[in-house]
1. Please give the number of the condition Val102 fails out of (1) over 23 Å from Gly8 (Cα atoms); (2) touching a Lys or Arg at 6+ places or on another chain (Cβ under 7 Å); (3) touching a residue at least 40 places away in the same chain (Cβ under 8 Å).
2. Take the residues in the range 25-50 that are at pLDDT 90 or above and β-branched (Val, Ile, Thr); name whichever of them is nearest to the chain's Cα centre (by Cα).
3. With the requirement that a residue be of a type in the set (Phe, Trp, Tyr), more than 15 Å from Glu52 (Cα to Cα) and in contact with a helix residue (DSSP H, G or I) (Cβ under 7 Å, 6 or more places away or on another chain), what does the range 62-102 give you?
4. Select from the range 55-102 the residues that are among the polar types (S, T, N, Q) and within 12 Å of the chain's Cα centre (by Cα) and list them in ascending order.
5. Kindly evaluate Glu93 against the criterion of being part of a loop (DSSP other than H, G, I, E, B) and more than 30 Å from Gln125 (Cβ to Cβ).
6. Output the residue which, of all residues in the range 123-168 that are of a type in the set (Lys, Arg) and modelled with pLDDT of 50 or more, is nearest to Ala20 (Cα to Cα).
7. Of the residues that sit in the range 104-146 and are within 23 Å of Phe92 (Cβ to Cβ) and polar (S, T, N, Q), which one is surrounded by the fewest Cβ atoms within 10 Å (Cβ to Cβ)?
Amino acid sequence: AASVMRLGHVQFTDAVETAAILVTGSDVTLYFNPDFCERIDNLELAGVLVHESLHFVFRHQERVARMRTQHDRFLFGLACDAVINDLITAKFEELRLPDIAVTGEWLIGRNASNLAAEQVFRLLQSRVAAKPEEINRLSQGQTVDDHSAWDPQEAEVRERQTRWTDES
């Protein structure tokens with residue numbers, strides 16, 4: 001946990017429901033909702049810290065920014081979470097994730113720990129193309145963290161990013 005905290009600075013804010021990581025140039029900020037932190041135990045908090053650090057390691061924010069549509073960014077964000085959460089479950093048995101964690105099993109019907117987010121994304125795209133109503137089920141999925149800050153297209157998100165940066 002200490003190593004993850006050294007990635008950047010930590011900010012507690014109500015601007016996110018759970019947690020988020022935002023990379024701007026060489027600046028890395030970890031955001032945590034104080035109420036969320038109070039609701040989870042230490043092993044879940046450690047799991048969330050590892051989850052956020054893996055988004056950083058895998059450069060998910062940069063890869064989401066290259067997605068052309070909001071729909072693709074949404075699906076890719078779910079794919080990123082499934083890969084990370086399954087990886088944490090497989091490799092860090094001592095950690096736990098909050099109950100809201102998206103898994104490969106829920107998302108694509110199989111463990112995603114040894115898949116790239118792009119592979120899971122393509123599987124999701126195929127599922128939604130074959131069964132458009134699948135998007136309704138996917139929209140009910142909750143992620144451990146907030147990926148909206150990664151979306152460079154959304155004016156509201158940009159406004160919120162500024163608000164996050166200004167908070168102490």
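The values are calculated or read from the model by the stated rules, or taken from the named source; none is laboratory data. All of these numbers come straight from a predicted model, not from anything done at the bench. Quick reminder, even Gly has a Cβ in these numbers, built from the backbone with ideal geometry, and neighbours come from all protein chains shown.
1. Result: Val102 fails condition (2) only.
2. Checked the range 25-50; the qualifying residue nearest to the chain's Cα centre (by Cα) is Val48.
3. Phe76
4. Listed by number, the residues that qualify are Gln61, Asn85.
5. Here the answer is yes, as Glu93 does meet what is asked.
6. Arg160
7. Asn114
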